[in-house]
Amino acid sequence: DEEDEEDDTQSLRAINATRIEEWLELKVREVFDKLAGKDYDLAGEVINTLEAVAAGARSAADRAQASRDRSLAAEEDPSMWCMTLDQLHELRDAIQPDMEEYC
């Protein structure tokens, strides 16, 4: 059922978010270890990887937000509230008795 699917989706998102956080924490520890060993070049490489991931995440978040904004704008646009002719006929048929009563 749809509610179970939504719960599963939320669970997967939480698991993925946890995995990402764990990976980031591992990378930060890796930088600390490299710095402790005075291996500044390798620490810099890990930092560059983190910067690239951060840039990719920011880009993905920006694209997702822009898509959401466009969807909301389209939903609020009256031109999106179109009815097919069949729907219009169904509406007319549904309200016809009331209209005859009032007119």
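The values are calculated or read from the model by the stated rules, or taken from the named source; none is laboratory data. Note that the structure is a prediction, hence the values are computed from the model and not measured. Here the Cβ is made from the backbone with ideal geometry for all residues, glycine too, and neighbour counts use every protein chain on show. Quick note on the areas: whole protein, heavy atoms, side chains included, nothing else; ligands and nucleic acids left out. Shrake-Rupley method; radii C 1.70, N 1.55, O 1.52, S 1.80 Å.
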Review point. What are the pairs, 6+ residues apart or on separate chains, where a residue within the range 56-72 that is under 20 Å from residue 20 (Cβ atoms) and without any contact (Cβ under 8 Å) to a residue 24 or more places away in the chain has its Cβ under 6 Å from a residue that is among the polar types (S, T, N, Q) and open to solvent by 80 Å² or more (accessible area, probe 1.4 Å)?
Key: none
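So that you can scan it fast, the table gives a plain yes or no per residue for (1) closer than 21 Å to residue 27 by Cα; (2) at pLDDT 95 or above; (3) open to solvent by less than 90 Å² (accessible area, probe 1.4 Å):
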position	(1), (2), (3)
43	yes, yes, yes
48	yes, yes, no
63	no, no, no
73	no, no, yes
76	no, no, no
80	no, no, no
91	no, no, yes
Revision key, fill the gap. Going through (1) among the basic types (Lys, Arg); (2) modelled with pLDDT of 95 or more; (3) open to solvent by 80 Å² or more (accessible area, probe 1.4 Å) one by one, residue 68 fails only at (2)
Review point. Which residues, counting only those in the range 68-103, are assigned to a helix (DSSP H, G or I) and either charged (D, E, K, R) or touching a Ser or Thr at 6+ places or on another chain (Cβ under 9 Å) (or both)?
Key: 68, 69, 70, 75, 76, 86, 90, 92, 93, 98, 100, 101
**Study point:** the range 31-41, subset open to solvent by less than 100 Å² (accessible area, probe 1.4 Å), of a type outside the set (Lys, Arg) and in a helix (DSSP H, G or I), residue nearest to residue 57 (Cα to Cα)
**Key:** 31
Study note, to complete from the structure: So, first residue open to solvent by less than 100 Å² (accessible area, probe 1.4 Å) in the range 3-30, second residue in a helix (DSSP H, G or I), Cβ within less than 6 Å, six or more apart or across chains; the pairs are 27/46; 27/50; 30/46
